[in-house]
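The values are calculated or read from the model by the stated rules, or taken from the named source; none is laboratory data. Quick caveat: nothing in here was measured; it's all calculated off a predicted structure. Note: ideal-geometry Cβ built from the backbone for every residue, glycine included; neighbour counts use all protein chains shown.
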Amino acid sequence: MLYLLDANVLIRAHEDYYPIDRIPQFWTWLQAQGDSGVVKIPYEIYNEIAVSIGPLHDWLTDANVSASMLLQEQTNPVHLNLVIAQGYAPDLNDSEIEEIGQDPFLIAYAYADPSAITVVSREVSAPSKQRANRRVPDVCKAFGVRCITDFEFLRELNFKIV
């Protein structure tokens, strides 16, 4: 199984639970998962963090880390357009597209092989939300893509500090 991380997973991990300077074991473990090909970050999601400043930016843009963590594939434009049109709305305006951000890329990568790829996101399902307000878990569900939380991800991969 390949796990694709949403930017919010890394941001919240650093900000709330595993600050890079306090719990480096988490980040070493995460990079090892990237080295083994189990965890990746799509380029579009990577760029959401890479433009920031601070320890998370420094960690992610380190040459060794980015080589480990970056997904070395390009999204299928047909899948991307399908996710946008059917997952959000076929007639989004520019501000709605900006609001959605890079989430459609994350889902489109997983849609390419939903039996082998899981999306990991901190977003919470909100089925009543429409258009640009739709949440990653709900759009994933619409496309048969498995989406789990960061804590489910940590349990599945048996992360622990020893």
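Brief remarks on what is shown
- Qualifying residues in segment 14-38 (those that are in contact with a helix residue (DSSP H, G or I) (Cβ under 8 Å, 6 or more places away or on another chain) and buried (at least 18 other Cβ atoms within 10 Å of the Cβ)) - the one farthest from Ala63 (Cα to Cα): Tyr18
- Thr75 being part of a loop (DSSP other than H, G, I, E, B) and out of contact with any Pro (no Cβ under 6 Å at 6 or more places or on another chain): yes
- Qualifying residue in segment 62-82 (condition: exposed (fewer than 13 other Cβ atoms within 10 Å of the Cβ), over 28 Å from Asp35 (Cα atoms) and β-branched (Val, Ile, Thr)): yes
- Residues in segment 18-31 that are part of a helix (DSSP H, G or I), more than 17 Å from the chain's Cα centre (by Cα) and free of Cβ contacts under 8 Å to residues at least 60 places away in the same chain: Pro24, Thr28.
- Within segment 114-131, the set of residues being touching a residue at least 12 places away in the same chain (Cβ under 8 Å) and over 17 Å from Leu10 (Cβ atoms) comprises Pro114, Ala116, Ile117, Val124, Ser125, Ala126, Gln130, Arg131.
- Taken over segment 132-155, the criterion of being in contact (Cβ under 8 Å) with a residue 60 or more places away in the chain and over 13 Å from the mean Cα position of the chain (by Cα) is satisfied by Phe143 alone.
- Counted residues, segment 32-49 - those being part of a loop (DSSP other than H, G, I, E, B) and in contact (Cβ under 8 Å) with a residue 60 or more places away in the chain: 2
- Considered as a group, the residues in segment 115-151 that are small (Gly, Ala, Ser) and outside any helix (DSSP H, G or I) include one that is nearest to Tyr46 (Cα to Cα), and that residue is Ser121.
- Which listed residue, of Ile41, Ile49, Ile107, is under 16 Å from the mean Cα position of the chain (by Cα), surrounded by 13 or more Cβ atoms within 10 Å (Cβ to Cβ) and modelled with pLDDT under 95: Ile49
- Residue within segment 84-99 that is in contact (Cβ under 8 Å) with a residue 60 or more places away in the chain, assigned to a loop (DSSP other than H, G, I, E, B) and either more than 30 Å from Glu156 (Cα to Cα) or not β-branched (Val, Ile, Thr) (or both) present: no
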